[in-house]
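Notes follow once the structure below has been shown.
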Amino acid sequence: MAIPGSVQLPAETCIPSAVSTAPVTKLAPRHSALVRFTHWITTICFFALLLTGIEIVISHPRFYWGETGTVLTTPLFQLPIPSSRRLVPTRYGYVLPDQNGWSRALHFEAAWIAVLTGLLYVVSGLLTGHFRKNLLPSNAGFSRRALLTSFAKPLRFERPSEAEASSYNVLQRLTYLFVIFVLFPLVIWSGLAMSLGFASAFPWSVTLLGGRQSARTIHFFVSLALVLFLFVHVAMVCLAGFWNRTGAMITGRTATRKEHA
């Protein structure tokens, strides 16, 4: 029965509460299209370079310092693995299959694609302010507390909060800047220094590295540093939420859960 002066509502009408605390998933902007494109092209090139680089090293797993180095020269160090060439002394009684031909060709092709992709990323990052806004740490980021937190949480395998995962901490920012502006240029430089054509055109670039064999040794160690960065990078992605972060690098957006009022 209706009460005089009131409005009768249909039985099936539901009156919502003033505030609902049900979480709602929203997609927040994360990565631009160019960042995603260069990231995946670089990823493909990196794995191609890693595979072919291993095959190239197997053909001569001895490293020297200076301009020259041959099987008759005492190496700076050598890897404890058999070679794919019988004339290379490795103290093993057998040789591995020789894959040096195709691996060198693919290594150079993947390297040039990676270099051009990297140049596109750097130029775009400078023009759009990507490095300044997303990677350059603020003054507050260099505080003692921020530095300790950025180091301690990953060591404790502590998953970052939603707010922390939405941006890079100071350790991540410094690491990415070091990789982009130090390790990548150095691995490109040392790689080019091993080319006879590049060395004849720019001999000073090889001299600064200590010679062609020194460039090869530097190239090897910088590549190891990049592989280490890859493992740490993947571990941090898994810690922050693998599928969410990987999806963000594919779609450009990351899922966030917010309270719906």
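Rule-based calculations on the coordinates, nothing more; no lab input. Predicted model, so just to flag it, every value in this text is computed and none were measured. Please note: Cβ atoms are built from the backbone with ideal geometry, for glycine as well, and neighbour counts cover all protein chains shown.
Given a cut-off of under 8 Å on Cα pairs at least six residues apart, what relative contact order in percent is computed for the stretch 73-124?
Details: 23 pairs, mean separation 10.9, N = 52.
Normalised by residue count, the contact order of the stretch 73-124 is 21 percent.
Find how much the distance from R91 to T251 grows on full extension, using 0.36 nm per residue of separation minus their present alpha carbon separation; answer in nm with one decimal. Don't jump to the answer; show the numbers that get you there.
On the way: separation 160, 0.36 × 160 = 57.60 nm, distance 5.11 nm.
52.5 nm is the gain from fully extending R91 to T251.
For every other residue with a beta carbon closer than 15 angstrom to the beta carbon of A193, add +1 if it is Lys or Arg and -1 if Asp or Glu, then tell me the sum.
+1
Given labels modelled 7 Å from the Cα in the Cβ direction, how far is it in nm from L116 to A201?
If labels sit at L116 and A201, their model points lie 1.5 nm apart.
Do you know the relative contact order of the stretch 37-141, to the nearest whole percent, from alpha carbon pairs under 8 angstrom that are 6+ apart? Don't skip to the answer; put the middle values down first.
Values: 101 pairs, mean separation 31.9, N = 105.
Worked out over the stretch 37-141, it gives 30 percent.
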